[in-house]
1. Determine, yes or no, whether Leu100 is touching a residue at least 24 places away in the same chain (Cβ under 8 Å), of a type in the set (A, V, I, L, M, F, W, C) and over 16 Å from Lys167 (Cβ atoms).
2. In region 32-63, which residues are more than 19 Å from Val131 (Cβ to Cβ) and buried (at least 20 other Cβ atoms within 10 Å of the Cβ)?
3. Among the strands (runs of 3 or more DSSP E) contained in region 176-290, which hold 1 or more residues that are surrounded by fewer than 15 Cβ atoms within 10 Å (Cβ to Cβ)?
4. Could you count how many residues in region 73-82 are touching an Asp or Glu at 6+ places or on another chain (Cβ under 8 Å) and surrounded by fewer than 24 Cβ atoms within 10 Å (Cβ to Cβ)?
5. For region 171-192, which residues satisfy the criterion of being over 19 Å from Glu152 (Cα atoms) and in contact (Cβ under 8 Å) with a residue 40 or more places away in the chain?
6. Taking Val83 as meeting all but one of (1) under 16 Å from Leu283 (Cα atoms); (2) of a type in the set (A, V, I, L, M, F, W, C); (3) in contact with a Leu (Cβ under 9 Å, 6 or more places away or on another chain), write down the number of the exception.
7. Can you confirm whether Leu98 is buried (at least 20 other Cβ atoms within 10 Å of the Cβ), part of a loop (DSSP other than H, G, I, E, B) and either of a type in the set (A, V, I, L, M, F, W, C) or in contact with a helix residue (DSSP H, G or I) (Cβ under 6 Å, 6 or more places away or on another chain) (or both)?
Amino acid sequence: MTKTSKASGLSWFFCDLDGTLLRYQNNQHLIEPTTKRAVAQLVESGANFVVATGRKPSDVRNIYKELGIEQASPYLIANNGAVVWDLKRNSYLNKQTLSLSDFDLIDHINQTLNQLNHEYGCILYGLNDQVYFYHIHAPDSQAFKQYFAFYEGEFVQNQYLEIDGLKTEYNLVKAIWFFKEVHQQKAVIAQHFTNQERLVITSAHSFELVPLNVSKGHAINLIKQQVKITDNQIMVLGDSYNDLPMFQHGVVKVTNHLAPDNLKQLATRVYELPASLFVGQALNDYFKFD
């Protein structure tokens with residue numbers, strides 16, 4: 001197989017998961033077969049495909065297995081950059097946890113949302129892939145937990161633990177506030193948390209908090225330094241607010257028409273295609289496989 005690049009020198013591809021590589025449709029999370037083939041061909045050609053997501057590391061590993069690239073992909077970026085795992089060395093390139101002051105902020109946010117009477121859950125993610133239900137504010141907390149687990153997806157193997165306090169030994173890397181109703185989070189942040197720049201909208205249901213100085217963009221920069229590459233070798237693909245730091249890197253920046261305006265403004269290409277399909281199309285547009 002030979003590779004011809006329309007954008008000379010591209011060899012590293014950093015791709016968001018939910019809403020980009022992965023589409024949620026008919027109560028299922030799916031990757032288009034054409035996109036799977038494009039990723040496989042890309043990797044076979046010698047290029048590097050790295051998932052950069054808010055999800056935890058084991059979720060990315062499962063996606064790599066589904067794509068058939070678990071032996072080829074050199075890194076994974078998880079928890080919005082709080083975890084960067086070097087798959088070749090089997091070690092962390094980066095791991096950062098929430099601080100005691102972050103714990104205070106988490107409790108403050110929960111108290112505010114309780115007063116506003118939103119139906120939501122505060123879920124915490126640990127460095128060891130553990131997921132904790134910290135606070136559920138809903139008429140039926142058990143039904144809410146089941147709804148959240150269903151939303152996480154069929155490729156996720158979570159063992160949820162309930163906790164009633166925050167401890168440093170949990171090694172927490174991320175907090176997520178998940179709302180039962182969609183599109184509440186943007187107004188909540190705008191009206192009540194305008195001074196909290198680290199609160200990032202990550203889906204139609206959620207916003208998140210990660211450790212200070214953590215982002216997908218920072219994670220990409222760490223990889224750039226380790227493997228000694230430049231932006232001219234990089235394509236980034238994303239669809240949401242937590243992808244904005246990622247779009248500070250790369251020479252080709254790809255999203256679709258459903259992305260927020262500030263992401264589309266940074267993009268070099270905006271596709272009128274749904275999630276997953278636009279990733280496959282972008283890879284095929286920039287590479288021709290013979």
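The values are calculated or read from the model by the stated rules, or taken from the named source; none is laboratory data. All figures in this text were calculated on a predicted structure; none of them were measured in a lab. We place every Cβ from the backbone using ideal geometry, glycine too, and count neighbours over all the protein chains shown.
1. Taking the combined requirement at face value, the residue does not satisfy it.
2. Hits for region 32-63 are Glu32, Thr35, Ala38, Val39, Leu42, Ala47, Asn48, Phe49, Val50, Ala52.
3. Working: elements: 200-203, 206-209, 234-237, 252-256, 269-271, 287-289.
Correct list: 287-289.
4. Final tally of qualifying residues: 1.
5. Listed by number, the residues that qualify are Asn171, Val188, His192.
6. With respect to (1) under 16 Å from Leu283 (Cα atoms); (2) of a type in the set (A, V, I, L, M, F, W, C); (3) in contact with a Leu (Cβ under 9 Å, 6 or more places away or on another chain), Val83 is out only on (1).
7. Numbers: buried (at least 20 other Cβ atoms within 10 Å of the Cβ): yes; part of a loop (DSSP other than H, G, I, E, B): yes; either of a type in the set (A, V, I, L, M, F, W, C) or in contact with a helix residue (DSSP H, G or I) (Cβ under 6 Å, 6 or more places away or on another chain) (or both): yes.
Yes: the conditions hold for Leu98.
Residues checked against (1) assigned by TED's automatic domain parsing to the domain that holds Thr230; (2) more than 24 Å from Pro260 (Cα to Cα); (3) modelled with pLDDT under 95:
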residue: Leu17; (1), (2), (3): yes, no, no
residue: Asn26; (1), (2), (3): yes, no, yes
residue: Ala52; (1), (2), (3): yes, no, no
residue: Pro57; (1), (2), (3): yes, yes, no
residue: Arg61; (1), (2), (3): yes, yes, no
residue: Glu66; (1), (2), (3): yes, yes, no
residue: Ile69; (1), (2), (3): yes, yes, no
residue: Ser73; (1), (2), (3): yes, yes, no
